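*Asks:* Here it is, the structure, as structure tokens.
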Amino acid sequence: MPDEDKKRAAHRALVDRILGGEGRASAEQRARAFANEGLSTPLDTLVGKVATRPARVTAADLAAAKASGLSEDQLFELVICAAVGQSTRLYEAGLAALAEATAGGEAG
Amino acid sequence: MRLDILNRGYGPATKLLFALIRLVSRHPVPDAARIVFYRPDFYGDRAKEFTHEAMRGPSGWSVGDRELMAAYVSKVNESAFCVAAHTATARRAYQDGPMVTAVLTDLESAPVREPLRATLRMLGKLTTEGELSAEDMRRVLSAGVSPQQVKDALAVCVAFNITDRLADAFGFEVLSPEGFEAGAKYLLKRGYR
């Protein structure tokens, strides 16, 4: 297997596990956190910050999500899904730009 | 860390391991290392595999280059823990602290090879803006970076966009300079697995 495939395969295995495997948060909620859409307040605030302004996340954001009824294990999973989701979109955007830049030549 | 389970939710074997690491290294176990031990089947096992492959797997980039990319992406994300951890690791890998500092202070004037500079610029833009054009990528390729090196750099960027977010969201505790040095030594010796 080419090395770049090994890197992407390892990333894919992580994505598949957190979205499709067993979890304390529902698969639907994990998918929403991954996509950063369709979540209700205050979880949407926390997930939105993790995805787009991670340095702005505060203890209060986590506390608010906890006070809304989510367990710490669910928050652990949903924050991970948000982080991996945004990073996956970056991966895809970078690879798509590379494919376009090399179109007709070496496949990207 | 901001979730109690990440501070206290480990089994006896893991607690013993943390105690041993503390004893041998004479530094607390960094939160970045602790988190992969929490319910490792959910995140840690596969995250370690991916990060190790990106940072230590076969690549046209040296280990120092990849650690510098990790530090640079973390700086763009303003992730204090990861900036310090990977600055220390890059300095040690290159045996060149001033160059690493220069890149993180001002990429454009830093004494660094053009292919690496163009790649860091591209990773910074992707991280900040969430998108890149084909033109952005052509600039990197014309600086002498191969498509394979671009892919390898993207994998590093992705791994650290994940870790930076977890560090900031869960509140990884920033270590002493000696603690980060010990971590850097470990990462160069053992990697991320």
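*Asks:* Take the conditions acidic (Asp, Glu) and facing chain B (nearest Cβ under 9 Å) and apply them to A:Asp16. Does it pass? Give the steps one after another, and end with the answer.
*Replies:* Working: acidic (Asp, Glu): yes; facing chain B (nearest Cβ under 9 Å): yes.
Yes.
*Asks:* Which residues, taken from region B:145-168, are over 16 Å from the mean Cα position of the chain (by Cα) and at the interface with another protein chain (Cβ under 7 Å from one of its Cβ atoms)? Break it down stepwise before answering.
*Replies:* Filtering region B:145-168 down to residues over 16 Å from the mean Cα position of the chain (by Cα) leaves B:145-151.
Correct list: B:Pro147, B:Gln148, B:Val150, B:Lys151.
*Asks:* Then there's this: Given the structure, is A:Leu98 within 18 Å of the chain's Cα centre (by Cα), at pLDDT 95 or above and in a helix (DSSP H, G or I)?
*Replies:* On the way: within 18 Å of the chain's Cα centre (by Cα): no; at pLDDT 95 or above: yes; in a helix (DSSP H, G or I): yes.
Spelling it out, it is not the case that A:Leu98 is within 18 Å of the chain's Cα centre (by Cα), at pLDDT 95 or above and in a helix (DSSP H, G or I).
*Asks:* Output the number of the condition that B:Pro40 fails; it satisfies all remaining conditions of (1) over 12 Å from the mean Cα position of the chain (by Cα); (2) within 13 Å of chain A (Cβ to nearest Cβ); (3) in a helix (DSSP H, G or I).
*Replies:* Result: B:Pro40 fails condition (3) only.
*Asks:* Can you name the number of the only condition in (1) free of Cβ contacts under 8 Å to residues at least 24 places away in the same chain; (2) within 10 Å of another protein chain (Cβ to nearest Cβ); (3) within 18 Å of B:Leu166 (Cα to Cα) that A:Val84 fails?
*Replies:* Only one criterion is unmet by A:Val84, namely (1).
*Asks:* If you go through region A:19-55 one residue at a time, how many are of a type in the set (Val, Ile, Thr) and either facing chain B (nearest Cβ under 10 Å) or within 13 Å of the chain's Cα centre (by Cα) (or both)?
*Replies:* 3
*Asks:* Yes or no: B:Lys75 surrounded by fewer than 24 Cβ atoms within 10 Å (Cβ to Cβ) and facing chain A (nearest Cβ under 10 Å)?
*Replies:* Details: surrounded by fewer than 24 Cβ atoms within 10 Å (Cβ to Cβ): yes; facing chain A (nearest Cβ under 10 Å): no.
No; evaluated as a whole, the condition is false for this residue.
*Asks:* If you go through region B:67-80 one residue at a time, do you hit one that is more than 18 Å from B:Leu104 (Cβ to Cβ) and either in a helix (DSSP H, G or I) or of a type in the set (A, V, I, L, M, F, W, C) (or both)?
*Replies:* Of all residues in region B:67-80, those more than 18 Å from B:Leu104 (Cβ to Cβ) come to none.
No; the residues of region B:67-80 include none that is more than 18 Å from B:Leu104 (Cβ to Cβ) and either in a helix (DSSP H, G or I) or of a type in the set (A, V, I, L, M, F, W, C) (or both).
*Asks:* Output the residue which, of all residues in region A:87-106 that are of a type in the set (S, T, N, Q) and facing another protein chain (nearest Cβ under 7 Å), is surrounded by the fewest Cβ atoms within 10 Å (Cβ to Cβ).
*Replies:* The first filter runs over region A:87-106 and keeps only residues of a type in the set (S, T, N, Q), leaving A:87-88, A:102.
Checking which are facing another protein chain (nearest Cβ under 7 Å) leaves us with A:87, A:102.
Working: A:Ser87: 24, A:Thr102: 17.
Looking at residues that are of a type in the set (S, T, N, Q) and facing another protein chain (nearest Cβ under 7 Å), I get A:Thr102.
The values are calculated or read from the model by the stated rules, or taken from the named source; none is laboratory data. Treat the numbers as computed from the prediction; the structure is a model and nothing was measured. All Cβ positions, glycine included, derive from the backbone under ideal geometry; neighbour counts span all protein chains shown.
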